[in-house]
Amino acid sequence: MIADASRRGELTAVAVLVIGIFLAGSATAQNFRVEGPLDGLVELSIPTDFRVMSDDERTIKYPPKTGPKIVFTNNAGNFDVAITQQPGGISAVPIDALRARLSLGLHVKQPFAAWHGDEVVEINGREFARVEFTTRALDTSIRTIMLETPADGALLLVSVSMPEAKVGDWMPVAVRILGSVNVTRP
């Protein structure tokens, strides 16, 4: 009888754990909408509750001269999807050379970053340079994943950033967003 009660207690604990994991996973369950920023140069899925960051917010959070053209953000302002296009005749540069240039530039600008990845990936039939790293901000650490590819005679950069402490919750959303990136022009 004591063994049965103990076994029921173990099963109850397992059931509570499974329910907790399910509820935690559904905390970031999102509905998505398709956006086409930069005059439709790129299409990607953005959570429906994200909004476009105001120019004032963007100027405070990102460097004005080199910052993104558009940023989608959540209500807390701690998960951003930044998109920009940098002019330059780089369409003939091999993607691995772009990856090496992006990685080297970020290693120089962020010498204390923790690196999680540096590779060439294919998304929706197009090759992208992809880097992933964590940097220290004022009061938290920020995980960033960047994609870069030549598009329409310029360099297209799409990145997602989130607090390192929330990576477990937000990484599935980041993967879905980045996996949806579709460049509409060569």
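Quick notes on this one:
- For chymotrypsin sites (Phe, Trp or Tyr not before Pro), the sites in the range 88-159 that DSSP calls loop and that have at most 12 other Cβ atoms within 10 Å are F112.
- For the range 82-87, Karplus couplings with θ = phi - 60° (6.51, -1.76, 1.60), whole Hz, Gly/Pro x: 10, 9, 8, 10, 9, x
- Long-range amide H partners of V93 with built H, under 5 Å: none
- Backbone HN-Hα couplings from phi across the range 98-110 [Karplus 6.51/-1.76/1.60, Hz, Gly and Pro as x]: 5, 4, 5, 5, 4, 4, 4, x, 6, 4, 6, 6, 10
- Close amide-amide hydrogen proximity is noted between S180 and S45, each under 5 Å apart and 5 or more residues distant or on a separate chain (H modeled in the peptide plane; Pro and chain starts excluded).
- Here the simple spin-label model places points 7 Å from the Cα toward Cβ, and for N124 and Y62 these points are separated by 1.8 nm.
- Amide H to amide H distances under 5 Å link K69 with I83, T84, Q85, where only residues 5 or more positions off or on other chains count and H is placed in the peptide plane.
The numbers here are math on the coordinates, done by the rules we state, and not lab data. Since the model is a prediction, treat every value here as computed from it, not as a measurement. Heads up, the Cβs are rebuilt from the backbone with ideal geometry, glycines too, and the neighbour counts pull from every protein chain shown.
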